[in-house]
Amino acid sequence: MHDDARRPLRDAFRDIESARETPETSQTGSPSYRLAFADPDFLCRDEMRPVRVQLELLKPDILMREYGIESTIVLFGGARIPEPSQRHTAPTETLADLSKYYDEAREFARLMTLKGQRGKRLDHVIATGGGPGVMEAGNRGAADAGGVSIGLNIVLPHEQMPNAYVTPELCFNFHYFAMRKMHFLLRASAIAIFPGGFGTLDEMFEALTLIQTHRMDPVPFLLFGRDFWETVINWKALAEAGTISPEDLKLFSFVETAEEAVRIIEAWTPPS
């Protein structure tokens, strides 16, 4: 957006429009003549990677600030977990059984949205990866409550698109995983991890590492589904081996239901 009445200097938008009307000559048709900031070929050069990284930091941050996002509740979880009515489509019985967490994620998002989005303040805004499965459930729960939610999508080699429940003005697309991860945590007031695969494990361990190393303030950190998490990760063995401290096991809590998770968040007091 731009406001000519407040800016004495000619702005970039007007110059882009003027450049489009320039008569075509051998000089004006040359790629070198394009305005640098309006030249996608130039912006995609290897040398411009730092600029592209900066743009992916700035664009979502500016738009979320303008929208009034105060804090977020981050939901991570498997894209392949179906909603219960579609459990018959799951390729494995385990995935079919995990479909109950679709409903828990949806209800958790609904409850947190009702508590956080009152009046003009936008606290506890649900933030997901914007895809299917648990991510869809989170955005859907926020929509059930009549609230807004964030989707941080990323370009992948196979065809994919954001789920239909993400608030359109808060739906972002990323090229860099690192910038996407940063935006997940910049405003996080709680993190909820549902059963998932490589992506979920990556996001979970990165966030735990940031808290463990004091690079991020502690927040309520909820693992939905104790049986799943204790099956895929031997937490006790990590502590017994000394590769983590026994105290690190207190960085997170196991929960089974949305209501249990909400109670932990409401009772949360940061460690002294």
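Throughout, read-outs are computed from the coordinates displayed, never taken from laboratory work. In this text the structure is predicted, and so the values were computed from the model without any measurement. Positions of Cβ are generated from backbone atoms using ideal geometry, with glycine treated the same way; all protein chains shown enter the neighbour counts.
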- Table column - 3J(HN,Hα) (Hz), segment 202-215, Karplus curve with 6.51, -1.76, 1.60, x for Gly and Pro: 4, 5, 5, 5, 5, 5, 4, 5, 4, 6, 4, 8, 6, 8
- Message: Let me understand the chain better: what is its radius of gyration from the alpha carbons, and its Dmax, in angstrom?
- Response: 22.0, 73
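Using Cα pairs closer than 8 Å and at least 6 residues apart in sequence, work out the relative contact order for segment 68-266, in percent. Walk me through the numbers before you get to the answer.
Working: 380 pairs, mean separation 44.3, N = 199.
This gives 22 percent for segment 68-266.
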- Note on the structure: Sequence order, segment 57-66: Karplus ³J(HN,Hα) from phi using 6.51 cos²θ - 1.76 cosθ + 1.60, θ = phi - 60°, Hz rounded, Gly and Pro as x, gives 6, 6, 4, x, 5, 4, 5, 5, 4, 4
- Task: Sequence neighbours fewer than 8 away in the same chain don't count; with that in mind, list the lysines whose C-alpha is under 21 Å from K100.
- Result: none
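Quick one: dipole size for the chain, taken about the Cα centre, charges +1 on Lys/Arg Cβ and -1 on Asp/Glu Cβ, in debye to the nearest 20.
Details: 29 positive and 39 negative charges, 106 e Å.
That gives a dipole near 500 debye.
Run through the DSSP bridge list for the chain and note the antiparallel percent, rounded to the nearest 5. Display every interim value, and only then the final one.
Working: 0 of 22 bridges.
For the chain, the DSSP antiparallel bridge percentage is about 0.
Once R0 is set to 30 Å, what does the formula 1/(1 + (r/R0)^6) return for the Cβ-Cβ distance between L55 and K115, expressed as a FRET efficiency to the nearest 0.05? Show your work: numbers first, answer last.
Values: r = 34 Å, r/R0 = 1.12.
According to the calculation, E is roughly 0.35.
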- Note on the structure: With 0.36 nm assigned to each residue of separation and the Cα-Cα distance removed, A38 to S85 gains 12.2 nm
- Along the charge dipole of the chain, Cβ charges K/R +1 and D/E -1, which of T94, M182, T209 sits furthest on the positive end? M182
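Taking the Cα centre of segment 188-230 as origin, work out the dipole magnitude from +1 charges on Lys and Arg Cβ and -1 charges on Asp and Glu Cβ, in debye rounded to 20. Please list the in-between numbers first.
Details: 2 positive and 6 negative charges, 20 e Å.
Here segment 188-230 has a charge dipole of around 100 debye.
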- Could you list which residues have their amide H under 5 Å from that of F174, counting only those 5 or more apart in sequence or on another chain, with H placed in the peptide plane? N153, I154, V155
- Compute the acute angle (0 to 90°) between the alpha-carbon long axis of helix 134-144 and the principal axis of greatest extent of the alpha-carbon atoms of the chain; round to the nearest 10°. 80 degrees
- Mind checking which of S245, A258, G119 is farthest towards the positive end of the chain's charge dipole, using Cβ charges of +1 (Lys, Arg) and -1 (Asp, Glu) about the Cα centre? G119
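Which whole-number percentage describes the relative contact order of segment 67-116, with Cα contacts under 8 Å and a sequence gap of 6 or more? Could the numbers behind the result be given before it?
Working: 32 pairs, mean separation 15.0, N = 50.
The value is 30 percent.
Which ordering of F13, F172, F224, F254 is given by a fewest-first count of other beta-carbon atoms within 10 Å? Show your work: numbers first, answer last.
Details: F13 12, F172 21, F224 26, F254 15.
Going from least to most buried by this count: F13, F254, F172, F224.
To the nearest 20 Debye, how big is the dipole of segment 88-131 about its Cα centre, given +1 on the beta carbon of each Lys and Arg and -1 on that of each Asp and Glu? Walk me through the numbers on the way to the answer.
Numbers: 7 positive and 6 negative charges, 103 e Å.
The dipole of segment 88-131 has a size of about 500 debye.
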- What spacing in nm lies between the two simple spin-label points modelled at E230 and T209, each 7 Å away from Cα in the Cβ direction? 2.7 nm
- Task: Using θ = phi - 60° and the Karplus relation 6.51 cos²θ - 1.76 cosθ + 1.60, list the HN-Hα couplings for segment 171-178 in order, rounded to whole Hz, with x at every Gly or Pro.
- Result: 9, 10, 10, 10, 9, 9, 4, 4
- Name the residues whose placed amide hydrogens come within less than 5 Å of the amide hydrogen of A127, ignoring near sequence neighbours (fewer than 5 apart) on the same chain. I73, V74, L75, I150
